[in-house]
Amino acid sequence: MQKTFIAVHMLILYVVPLFLLIIGYAAQQSQACKHTESLLLELKQAHRDLESDAVRIGELTLAAERQRMARELHDTLAQGPAGLILQLEAVKDQM
């Protein structure tokens, strides 16, 4: 009887708290794993968004450069005829 009481006493004092500690640790690890998985999903989505934005920025940069070149070409080509018109008007006024 005495040995049984000591065995039960040891079980209650040592094994049960240890078992509860292990269960608590496992629950914490499970929660941490779920949190890590959700963060990984967020990171993957952010990466996809960043790739999409990079493509869009590249397209916008290319369009802006084309517009700049078109304005520059237009301004350069328009200056020649405008200068000729002014010169012809000056010649006409002197005649």
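Read-outs throughout are calculated quantities, based only on the coordinates presented, and are distinct from any laboratory measurement. Predicted, not measured: the structure shown is a model, and the values here were computed from it. Please note: Cβ atoms are built from the backbone with ideal geometry, for glycine as well, and neighbour counts cover all protein chains shown.
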Q: Count the net charge of all other residues whose Cβ sits under 14 Å from the Cβ of G83, scoring Lys and Arg as +1 and Asp and Glu as -1.
A: -2
Q | Computed [θ] at 222 nm, deg cm²/dmol, the chain (DSSP H ≥ 4; -39,500 (n - 2.57); rounded to nearest 500) | A | -34500 deg cm²/dmol
Q: Would you mind getting me the FRET efficiency between L73 and S52? Use the beta-carbon distance for r and R0 = 22 Å, nearest 0.05.
A: 0.10
Q | Selection from L41, L21, V55, by position along the positive dipole direction of the chain (Cβ) | A | L21
**Q.** Angle in degrees between helix 16-94 and the longest Cα principal axis of the chain, rounded to the nearest 10
**A.** 0
Q. Any idea what the dipole of the chain comes to, in debye rounded to 20, about its Cα centre with Lys/Arg Cβ at +1 and Asp/Glu Cβ at -1?
A. 740
(Q) Cut-off 10 angstrom, C-alpha nodes, Gaussian network model of the chain. Which of Q28, Q67, Q79 fluctuates the most? (A) Q79
Q) Of the residues H74, H47, H35, which exhibits the maximal mean-square fluctuation in a Gaussian network model of the chain defined by a 10 Å Cα contact cut-off? A) H74
